[in-house]
1. If each DSSP helix of 4+ residues adds -39,500 (n - 2.57) and the sum is divided by the residues in the chain, what number results at 222 nm, nearest 500 deg cm²/dmol?
2. In nm, what is the difference between 0.36 nm times the number of residues separating SER254 and PHE72 and their Cα-Cα distance?
3. Could you work out the relative contact order of the chain? I mean the mean sequence separation of Cα pairs under 8 Å and 6+ apart, divided by the number of residues, in percent.
4. By per-residue mean of other Cβ atoms within 10 Å, what is the highest-first order of 60-67, 103-110?
5. Could you quote the convex hull projected area for the stretch 1-80, Cα atoms only and averaged over all directions, in nm²?
6. For the chain, what is the charge dipole size about the Cα centre, in debye to the nearest 20, if Lys and Arg each add +1 at the Cβ and Asp and Glu each add -1 at the Cβ?
7. Extending each Cα 7 Å along its Cβ direction at SER143 and ILE65, get the distance between those two points in nm, one decimal.
8. Assuming R0 = 56 Å, what is the FRET efficiency of THR289 and ARG236, from their Cβ-Cβ distance, to the nearest 0.05?
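Each reported figure results from applying straightforward, stated rules to the coordinates on display, with no laboratory input. Being a predicted model, the structure only gives us computed values, none of them experimental. Neighbour counts run over all protein chains shown; Cβ positions are idealised from the backbone, glycine included.
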Amino acid sequence: MSPEHTDHTSKIVGTSWGLLVLNTLGSAGAKTIVPLPRSLIQMVTMGALVAAFTLALMVNPRLRIRASAFVFLLTLLLVPSVISSADLESGFGAVFRCARLALFVSTLWLLSRWWDGSLTFVRLHIRMYFVVLGSVAAGVIISPGAALPELYGGRLVGALWPLTPPQIGQYAAVIIGLAVLLVLGRRTGGRNAALVIVPAVVLLALTHTRTATLGLLIGLTLAIGSLFLTSAAARRFFAWAVLCAAVAAVGFGSALQAWFLRGQTQENFTSLTGRAKVWDALLAAPRTTSEYLFGAGLGDKSFGGLPIDNSWLAVYHEQGVTGVALVAAIIIVLGGVALLRPPSLSRACALFLISYCALASYTEAGLGDASPYLLHLAVAASLLAAPAEATALSAPDVPRRPVPRWGRRSEVA
């Protein structure tokens, strides 16, 4: 296949993935420098999803897909979502969110054709979220007061696009971890990686996001540990990381503790910034058999007007125990497949993403609906897929011309 066709297909697939990232940025967050109506933001994000699906369909018109337990389980997750949303108990918004999730999953099915165990989607993921973080950094430069507002305790927010500190911390932590693994696997140069890692670390520190920081550290530990026996670079990095951590703990212990506590009282910290009260109220609320099995319908991941901030309880509230079982199956299947794979860079990246999402699910919602967390897990699924020539980023739908007999290579040595 000609390089022109291959490059063209690669660009379309990359654009579709970037539009999925845009769709999952959300429409709620801090006040921006230029006020953006929420209706306008929602129109942009939904338009991005429709465009992503259209591009994926255009590049895969014959609907060739790869078998994927991850996307199959996501498809099954639509069942409790539709059942619980169809009675309109949560309003027409629930039906709209079901349609969004269906379009999101359909786009992943179309793009699954190019999931071949390579690092293609890892690189796309890093580029797209680096652009998002670039907009955050631009907001800091243009208006530091808007980017570090007192309303959020001086934590970094999106001043150009409404992004919350946990969102920014999540994006920064994910691309830091993936970039570090690419360096250890010698798939990128140190300078190129530093251009991504250094500013992302600064932005992560400014967000004061504990979940993202812990997810990054634990995820990288597991990922590098999977390479420990086969990579000398991983062993050296691990040794240096332990040494630096010990020095930081001794020399900057009080500063690190202050950063971690964010000025909170012991009571506020132990209640996870008030999350535990919402969780207790949600679990104590009476439910019908239908609500227990299939939930109350897709909503805004809140209960009693307060954010749930826990993926498992959010899924339980909106998609019932059926949804919880399917989400648990997604994590277990991806994690099990990753553990059964032989040591490799692709496996390490997949383990990092899976472990990060699993840890973050305790204090952040998103595993049951179209979200960045599902995109992270989709990248993990692409890394764990078996290589296949048919999934190469090329234009396989163009028919091949028969080679005349005189143009064929002789089989005689």
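1. That calculation yields -22000 deg cm²/dmol at 222 nm.
2. That works out to 60.8 nm of additional length.
3. 24 percent
4. 103-110, 60-67
5. Taking the Cα atoms of the stretch 1-80, their convex hull projects to 8.1 nm² on average.
6. 1380 debye
7. Spacing of the two 7 Å Cα→Cβ label points: 4.3 nm.
8. Rounded to the nearest 0.05, the efficiency is 0.50.
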